[in-house]
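Accompanying notes for the structure given below.
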Amino acid sequence: MSILTLKSGHLLFSGLIDKPMSAQVKYIRSAVLPKDYPNTDRPEIALAGRSNAGKSSFLNAIANAKVAHVSQAPGKTRLLNFFDFGKHYRIVDMPGYGYASRSGDEIVQWTEMVETYVTTRETLAGMVLLMDIRRKWSAEEEMLKKFTETSGIPMAVLLTKIDKCTKAEVNKFAAGIRKSSALTNVFPISSTTKVGVDAVEDFIYEAWIKEGLQS
């Protein structure tokens, strides 16, 4: 199947509070091929979304530091970017989809790179799909959802840029996405004000990371 195109800066592990996330985040490497991926020494969470969905801004928000470049030109991320978050898990920033300036060859290369990672990475514990809350659920998001379902990978949706909407609009748009996607783990957030970021971090740890650490 083809795809077209973390508590307030702290983590809780085994009942202990780790250091602030800004002191824990570490860029590891960028890769295209499996031979260049980091060691499989911890679970990984993939970040997916359109090129202007705010993935880099979200990474910086949960890190409490500027660890990911925020480009003014959407579609610039062309590699899988691996970031260690403390000693216990890793976040993988995947290239954005849906940017019109990509050539046909680039889209094919992007698709192969992302599909290879998702289908072969045994440590992939979940996928976070980021989308501008003002956008509607589209065929591309539905295809990505079905792809993760087929691969047995749980998905959560982050609705970004809620600071650009009224509270009533946030509630309305979020309800629409929950209905269209048929997903329950939908989190409205703002990387600018950090509203909702804590809840996302707690969810990632409790739902996808904690059990693996205790096994």
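Observations on the model:
- Residues of region 171-186 satisfying the condition of being small (Gly, Ala, Ser), farther than 10 Å from ILE133 by Cβ and surrounded by 16 or more Cβ atoms within 10 Å (Cβ to Cβ): SER181
- With respect to the conditions (1) out of contact with any Phe, Trp or Tyr (no Cβ under 9 Å at 6 or more places or on another chain); (2) surrounded by 17 or more Cβ atoms within 10 Å (Cβ to Cβ); (3) at pLDDT below 95, ALA139 falls short on a single one, namely (2).
- Pairs linking a residue in region 41-66 that is more than 22 Å from GLU141 (Cβ to Cβ) to a residue that is modelled with pLDDT of 85 or more and part of a strand (DSSP E or B), with Cβ atoms under 7 Å and 6 or more positions apart or on different chains, are ARG42/TYR89; ARG42/ARG90; PRO43/TYR89; PRO43/ALA125.
- One residue alone among VAL195, VAL157 is part of a loop (DSSP other than H, G, I, E, B) and either buried (at least 19 other Cβ atoms within 10 Å of the Cβ) or not polar (S, T, N, Q) (or both), and that residue is VAL195.
- Within region 177-215, the set of residues being more than 18 Å from the chain's Cα centre (by Cα), over 22 Å from GLY54 (Cα atoms) and modelled with pLDDT of 90 or more comprises LYS179, ALA182.
- Complete set of residues in region 120-135 that are over 16 Å from the mean Cα position of the chain (by Cα) and either within 23 Å of LEU59 (Cα to Cα) or at pLDDT 95 or above (or both): GLU122, ARG134, ARG135
- Close contacts from region 131-153, counting a first residue that is under 23 Å from SER190 (Cα atoms) and a second that is part of a helix (DSSP H, G or I) and of a type in the set (Asp, Glu), with Cβ to Cβ under 9 Å and a gap of 6+ residues or different chains, come to MET131/GLU141; ILE133/GLU169; ARG134/GLU169; ARG135/GLU141.
- In the condition set (1) under 24 Å from PHE85 (Cβ atoms); (2) in contact with a helix residue (DSSP H, G or I) (Cβ under 7 Å, 6 or more places away or on another chain), SER181 is compliant with all but (1).
The values are calculated or read from the model by the stated rules, or taken from the named source; none is laboratory data. Computed from a prediction, not measured in an experiment: that's the story for all the values here. Note that we place each Cβ from the backbone using ideal geometry, even for glycine, and neighbour counts take in every protein chain shown.
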